[in-house]
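Q: Have a look at this one before I ask anything.
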């Protein structure tokens, strides 16, 4: 995987600045930001179809639907950690509310274990979700996001590139967040544009991994 090419790819488009600015602005508006997410998903589809080009800013309703469906897929995948947190975390909190020292100690330990389990599970599921969404985009079928054998095979066949992609996105996201907090307002504006640009890089990398 040529990661350097991935980071430079969006700039190949002569209108890339305009397209990134539009996407960045839309990305900070609640609900409307599904459109900017959908734009990145359309780019993912282009890469899967071997078309290395940024989509045009048109057919906003289609982009909105793609973004919305991808969010729904994400929520469905994250239901399991949420249920564990609700059931076992809630039980631990009730034990702590009991008032007895032993119950409070047990509740604290139980809550800590639950939190650790939820974090680990969310990390593992979060690792799977990008490829699940890529499968949905490739087939344009909601159910394709839950064809686990296909999804796991894609991840297994490209495991090293997939992990590297995941780590790069985490690091870039952390840097972006640091900039946003470092310089009030201006830092946040810079982070917004960086985040949308990186979403395009992410779509490019994921698409290339998917068809590799």
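Q: As a check on your grasp of the helix formula, calculate [θ] at 222 nm for the chain: sum -39500 (n - 2.57) over DSSP H runs of n ≥ 4, divide by the residue count, round to the nearest 500.
A: -26000 deg cm²/dmol
Q: Give the calculated FRET efficiency between residue 119 and residue 59 to the nearest 0.05, with a Förster radius of 35 Å applied to their Cβ-Cβ distance.
A: It comes out at approximately 0.35.
Q: Using a/c under 1.5 as the rounded threshold, could you call the chain rounded, prolate or oblate? The axes a ≥ b ≥ c are square roots of the C-alpha gyration tensor eigenvalues, and prolate needs a/b larger than b/c, oblate otherwise.
A: Taking the square roots of the gyration eigenvalues as a ≥ b ≥ c, the chain is prolate.
Q: Need one word for segment 105-201: rounded, prolate or oblate. Basis is the Cα gyration tensor (sqrt eigenvalues a ≥ b ≥ c); a/c below 1.5 gives rounded, then a/b vs b/c decides. Kindly include the intermediate steps, with their values, before the conclusion.
A: Numbers: a/c = 2.26, a/b = 1.09, b/c = 2.08.
Oblate shape, in that a/c is at least 1.5 and b/c is the bigger or equal ratio.
Q: Give me the number: length gained by fully extending residue 79 to residue 146, i.e. 0.36 nm times residue separation minus the C-alpha to C-alpha distance, one decimal in nm.
A: Full-extension gain reported as 22.7 nm.
Q: For the Cα atoms of the chain, what angle does the longest principal axis make with the long axis of helix 159-182, in degrees from 0 to 90, nearest 10?
A: Taking the Cα atoms of the chain, the angle to 159-182 is about 80 degrees.
Q: What is the angle, in °, between the Cα long axis of helix 148-157 and the longest principal axis of the Cα atoms in the chain? Nearest 10 is fine, range 0 to 90.
A: 70
Only the coordinates and a few stated rules stand behind these numbers; no lab work does. Note that the structure is predicted; figures quoted are calculated from it, not measured. For neighbour counting, all protein chains shown are included, and Cβ atoms are generated from backbone atoms with ideal geometry for every residue, glycine included.
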